[in-house]
Amino acid sequence: KARALGNRKVVAYNQTMQDQLNHKKELERAIRKAINNDELELYFQPQVDLRTRQIVGVEALVRWEAKSGAAISTDIIIKTAEETGLMQRLGHWVVDTALKHYSHMLDERCAPKCIAINVSGHEFQDGYLADYVIRSVTRYDIPPSRVQIELTEQVFIENLERNQHILNRLTTSGISLAIDDFGTGYSSLAYLKHFPVNTVKIDRGFIKDLPQSKDDLVICQAVVSMANLLQLKVVAEGVETIDQQELLRNIGCNFAQGHYYYAPMTAEQLMMELKKQRAGRLYPAS
Ligand code: C2E
Ligand code: MG
Ligand code: MG
Ligand code: MG
């Protein structure tokens, strides 16, 4: 009897694994198709200066709405693309699309100071993407200082020797670097002084429970004061409430991004916001 039960368990387990596998295969196929058929979209989320409320930057974020109407989370798209060898293609598409839109904003004289593009550790490592960014910036005739690459902490820690060359190629060409999701990886600013990084983005995980969480407040305070000492810009990610904004302002954080200001939007919507801002109809400086 015990054995029969045991067998049943094994069968159930295998079935779950098979389901997961089928699901994954299906997802891979769908994402591959979406990339090949140009069904992905690039959204843009403004970053604001808390002192002036002006849009000072925009971060490009991949979106994909499946034919079924279901929105597939971007984290899953990126992870799947990496696991299936599609990331290089997706990465090129992102760089190209982001710079094309930014170059249009420059032409229309409403471009914010910078466009931020996410590059995953996986994409970064072989160095092709960095070169693609450098070439594309030239091709679109964009001042390199207006392009920022967002990288996670792991890039600065793992495969350091190889990555350092790539980081240097980017910064030598004038492109700036931001550390994304700061605090979720190695939680040390010490290594930053070895790299020409100019922005630190505090992960949303440390913002979401503010102002209640005293621990998170202490962490944010520590990041802001160390960043100030190292002359790095700090952007708070995922700001959703006015209380969070006020607290961040009080501790000297000058830049933020989050639904309280703007959710990620299409290029068309972004153009409208930027043109409003250019016309001075957004917010009075406070
Ligand atoms: P990330 O770079 O840290 O991007 C911030 C994420 O927070 C975005 O999720 C954004 O939509 C979300 N967010 C912004 N404000 C708020 C807020 O107020 N509340 C909440 N709850 N969320 C907010 P998204 O777009 O789903 O992207 C997830 C991650 O996928 C990104 O995290 C980034 O690591 C990666 N990713 C997105 N686009 C690309 C890309 O083009 N290339 C690569 N390599 N990775 C990308
Ligand atoms: Mg990012
Ligand atoms: Mg982040
Ligand atoms: Mg993230």
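Computing FRET efficiency as 1/(1 + (r/R0)^6) for K100 and S68, where r is the C-beta to C-beta distance and R0 is 30 Å, gives about 0.55. When the residues E161, E237, E246, E83 are ordered by accessible surface, computed with a 1.4 Å probe over the protein chains alone, the sequence from largest down reads E161, E83, E246, E237.
Heavy-atom accessible area for V218, with the other protein chains in place and a 1.4 Å probe, reaches approximately 90 Å². For K67, the aspartates and glutamates whose Cα falls under 19 Å of its own Cα, not counting residues fewer than eight places away in the same chain, are E26, E28, D38, E39, E41, D75.
How would W93, W64 line up by accessible area, probe 1.4 Å, largest first? Show your work: numbers first, answer last.
Working: W93 60, W64 15 Å².
From most accessible down to least: W93, W64.
When trypsin sites (Lys or Arg not before Pro) are flagged only if DSSP places them in a loop and at most 13 other Cβ atoms lie within 10 Å, the longest unflagged stretch of the chain comes out as 110-280.
Relative contact order for the stretch 140-244: what percent, with Cα pairs under 8 Å and sequence separation of 6 or more?
Working: 138 pairs, mean separation 25.9, N = 105.
With pairs under 8 Å counted, the relative contact order is 25 percent.
Among the protein heavy atoms, those of L106 account for about 40 Å² of accessible surface (1.4 Å probe, every chain in place).
Only beta bridges with both residues in the chain are counted; by DSSP, about 35 percent of them are antiparallel. The accessible surface of the stretch 60-170, taken with every protein chain in place and a 1.4 Å probe, is 50 percent carbon and sulfur. The value of relative contact order for the chain, using C-alpha pairs under 8 Å at least six residues apart, is 20 percent.
What does the helix-only formula give at 222 nm for the chain: each DSSP H stretch with n ≥ 4 adding -39500 (n - 2.57), the total divided by the residues, and the result rounded to the nearest 500 deg cm²/dmol? Display every interim value, and only then the final one.
On the way: 10 runs with 137 residues, N = 286.
That comes out to -15500 deg cm²/dmol.
If I require 20 Å or longer along the helix axis, counting alpha carbons, and a Kyte-Doolittle average no lower than 0.5, what helices from the chain are left? Use full DSSP H segments. The partial results should precede the final answer.
Numbers: long enough: 2-36 (51 Å, -0.99); 87-107 (30 Å, -0.34); 214-229 (23 Å, 0.88).
Helix filter hits for the chain: 214-229.
Summing Lys and Arg as +1 and Asp and Glu as -1 over all other residues whose Cβ lies under 13 Å from the Cβ of Q148 gives a net charge of +1.
Output the pairs from K33/K113; K214/K276; K233/K275; K79/K214 with a Cα-Cα distance over 30 Å in this structure; if there are none, say none. Let's see the in-between values first.
Numbers: K33/K113 35 Å; K214/K276 38 Å; K233/K275 26 Å; K79/K214 33 Å.
In this structure, K33/K113; K214/K276; K79/K214 exceed 30 Å between Cα atoms.
The values are calculated or read from the model by the stated rules, or taken from the named source; none is laboratory data. Owing to the predicted nature of the structure, the values given are computational and were not obtained by experimental measurement. All Cβ positions, even for glycine, are placed from backbone atoms using ideal geometry, and neighbour counts span all protein chains on display. Ligands, DNA and RNA are stripped out before the accessible areas are found, and what is left, the full protein with its side chains, is counted by its heavy atoms. Shrake-Rupley method; radii C 1.70, N 1.55, O 1.52, S 1.80 Å.
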